Ligand SMILES: Nc1ncnc2c1ncn2[C@@H]1O[C@H](COP(=O)(O)OP(=O)(O)O)[C@@H](O)[C@H]1O
Ligand SMILES: [Mg+2]
């Protein structure tokens, strides 16, 4: 869209914040308090584009469930430093640690938090599934070192592994899972399969085990292909891979089995996905993909958290009237005129922003009328301590009635009168 056209659209939105025509469908309310306190809810997975508030939402939902009396663990992937500190996650130890909740939160249950250490999780799998000597061999292998710390998808896969481990212990009433900041939110669902395909991939076996029958019967074309690969990757790397594959041989079946088990776990009753987005086109587009994908995979979607919205303090005064009033005040002049006009302009801008955000939210709901929505207004600053999380938990799970500003929490602006 050209800038001029964009300006016209914005201007139109300002003049007609509630355009005539068919009203946008009202989104269903997303009852997160009910969701996280229901004894049948055992796993909640928060997913969405990067930077939208997945980690914060995960921690806040876990806190709300703990306050309601449940024993909860939140598996965070990449908590911001200050949030990690406030949760007591000062070092990566790959095990849950109890969070000291202040009395003011009235917690009756327990909140535990952990930060995923992807390499440690991978190492633990190796230790659990091989002899000590073999594990040593694998750990020393440069290819393993690269794979366990940087292979695209390893983090996603390990998050799923860890989820499987946590769920197996049956220690937790509820596990809340944060997802990695993938380039695409979908990586998370694909990881278990991609990883197991990679690890027990026939091609790798053929490429790296020249003594095996597979290679001997391979066609001339394949031999040529593998020489090229060898040239590109380098002989040493191929030998590393070869040794790695040989050492890991006994674990292949295990990887696929666990990947399948975790995938099934995600589809079991008791697991719910919460998609998080901000009221921005890119984030909502990603949320849309995710909603469709979950539905294709028959994974249970609880709803959408529309995070960091900007509801205006009052909707009694439209953007147009506020702008008009600002001009009148300035024309009249006198003491305080500038200040009053400034306040009116700020209000006009907030109304325009809220209108834009509501428009995006309506568009999402038109495309996915079945998806329940909860909006969470932007807090004044970052959410980086327990107080901030408490506020976030309230905004997520408090009653979805009218807020003091008259804006129901599932809308940014009040619903249109019909
Ligand atoms: N409702 C909110 N109000 C204000 N800041 C928020 C809110 N939700 C998240 N944030 C901030 O936004 C940043 C990104 O949030 P985070 O949860 O780390 O996103 P993600 O895990 O999706 O990448 C953090 O600095 C966090 O404190
Ligand atoms: Mg995060």
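Values quoted throughout were computed directly from the atomic coordinates according to the rules given, and no laboratory measurement underlies them. Just so you know, these numbers come straight off a predicted model, no measurement behind them. Please note: Cβ atoms are built from the backbone with ideal geometry, for glycine as well, and neighbour counts cover all protein chains shown.
Quick notes on this structure:
- Förster radius 41 Å - calculated FRET efficiency between residue 171 and residue 313, Cβ distance, rounded to 0.05: 0.35
- Sorted by Cβ neighbour density within 10 Å, fewest at the top, the residues 99, 126: 126, 99
- All C-alpha to C-alpha distances of the stretch 19-178, sorted into 10 Å bins beginning at zero, yield P(r) values of 10, 33, 30, 16, 8, 2, 1, 0 percent in whole numbers.
- Cα gyration tensor shape for the stretch 30-118, rounded if a/c is under 1.5, else prolate or oblate: oblate
- If the segment from residue 332 to residue 40 were pulled out straight at 0.36 nm per residue, it would be longer than the present Cα-Cα gap by 98.8 nm.
- Amide N of the stretch 278-294 lying under 18 Å from the label point, which is placed 7 angstrom from the Cα of residue 366 along Cα→Cβ: 279-289
- Between residue 131 and residue 339, residue separation times 0.36 nm minus the direct Cα-Cα distance comes to 67.4 nm.
- Mean shadow area of the stretch 281-363, taken as a quarter of the surface of its Cα convex hull (nm²): 6.7 nm²
- The stretch 280-418: radius of gyration over Cα atoms, expressed as a fraction of 2.2 N^0.38 Å: 1.27
- Label point distance in nm, residue 292-residue 268, each placed 7 Å from Cα along Cα→Cβ: 3.1 nm
- Residue separation of residue 85 and residue 280 scaled by 0.36 nm, minus their Cα-Cα distance, works out to 67.3 nm of gained length.
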